[in-house]
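Take a look at the structure below.
What follows draws every value from the coordinates through simple rules; no lab data is involved. Please read all numbers here as calculations on a predicted model, not as lab measurements. Virtual Cβ from ideal backbone geometry, glycine too; neighbours counted across all protein chains shown.
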């Protein structure tokens, strides 16, 4: 099922856990949450900000990178949450790439970003 060497299998979470994850983080208007495609990939998670009304969404830490195809969506989602009165913090790392957290051995900037995000989560959780 894995087309690229060294990548994580899309089934790592398993279907029950994927459904639970989707119900927690995908406030879809239809309430359907994400589904699993025929290849096992989650679909619908990219629709986090697609809900017409984000009031009542849990607080969020949104992390984006400069070389990230989702950086604009992440920035906009954090702004929508804040505009709706939902506490959201946006951390942006302009010199890093999407999924940089798995590249700690490539750049010291990754470790610094991971520590900053961890500190933000600790502060949010009290």
Per residue, what volume in Å³ does the convex hull of the Cα atoms of the range 53-126 enclose?
-> 83
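How much length is gained if the chain between residue 117 and residue 99 is pulled fully straight, taking 0.36 nm per residue apart and subtracting their Cα-Cα distance, in nm to one decimal?
Values: separation 18, 0.36 × 18 = 6.48 nm, distance 1.35 nm.
Extending this stretch completely gives an extra 5.1 nm.
Rank the residues 62, 106 as a footprinting-exposure proxy: fewest other Cβ atoms within 10 Å of their Cβ go first. Intermediate results must be reported in sequence, preceding the final value.
On the way: 62 21, 106 11.
So the ranking, lowest neighbour count to highest, is 106, 62.
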Among 80, 75, which comes first, then next, by fewest other beta-carbon atoms within 10 Å?
-> 75, 80
